[in-house]
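Down below is the structure, laid out as structure tokens.
The values are calculated or read from the model by the stated rules, or taken from the named source; none is laboratory data. Note that the structure is predicted; figures quoted are calculated from it, not measured. Here the Cβ positions follow ideal geometry from the backbone for every residue, glycine too, while neighbour counts run over all protein chains shown. All accessible areas refer to the heavy atoms of the entire protein, side chains included, with ligands and DNA or RNA removed. Shrake-Rupley method; radii C 1.70, N 1.55, O 1.52, S 1.80 Å.
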Amino acid sequence: LEQLLEPVYASLDRRDDRGAARLAAAALAKCEGDEATVPVATLQALRAVALVRAGMGAEATEAVDSVMRYAHCDERVLAPLAAALREGRIGGGRLARMYEAALSREPGNEGLLDITFDAHCRDFAFLKQQQMAMKLYRSDAEEPYLLWATVAMLLQARHGLRDEGAGGRSTAGGGAPEKLPTR
């Protein structure tokens, strides 16, 4: 299965996005039934990257969602999936949900905690930021993590509590602006 990845990576490196999408689709057809394995999930994630770059957002979203069902925690799957989500501006908190699902499979992984914190920052999810920062601080008592939690609390107080349950809206106050004002 690993040999199927090489031509897809090569096509992406050459900026042949449609070719990479075709190669990934052909390789996925050969691997029918093995969707939960890491190489197949990586192929699907690379296909999503190629589709995003080729301008096929709806198909890319389908590919992303199909990979996210299995809550992979392998970096070979997470990195291209995150790239597809960012490049395609596929929102809805998917990036944070992807990392949270991976974190549920590897709760002690400090790297995943850090990346999950970053994903919550992108979503303006201040409560989740605070929770991730506190988990990081508990796992490795470094001062920056405590400062991250403090800043998240200040943002909650200033802009209202933000969480996914409110559909990305503020549950108190006027809500967070798209860009936070600077002083």
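Structure data summary
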{"item": "Per residue solvent-accessible surface (Å²) - the chain, probe of 1.4 Å", "result": "54 Å²"}
{"item": "Cα-based helix-to-principal-axis angle, 17-30 vs the chain, degrees rounded to 10", "result": "70 degrees"}
{"item": "Shape category assigned to the range 82-154 from the gyration tensor of Cα positions, a/c cut at 1.5", "result": "oblate"}
{"item": "For the range 31-168: relative contact order, % (alpha-carbon pairs under 8 angstrom, 6 or more apart)", "result": "17 percent"}
{"item": "Whether the range 1-75 is rounded, prolate or oblate, judged on the alpha carbon gyration tensor where a/c under 1.5 counts as rounded", "result": "oblate"}
{"item": "Low-density loop cleavage sites - trypsin sites (Lys or Arg not before Pro) in the range 68-111, where at most 15 other Cβ are within 10 Å (DSSP)", "result": "ARG69, ARG89"}
{"item": "Percent carbon-and-sulfur accessible area, the chain, ignoring ligands, DNA and RNA, probe 1.4 Å", "result": "52 percent"}
{"item": "The range 74-123: GluC sites (Glu not before Pro) in DSSP coil with no more than 16 other Cβ atoms inside 10 Å", "result": "none"}
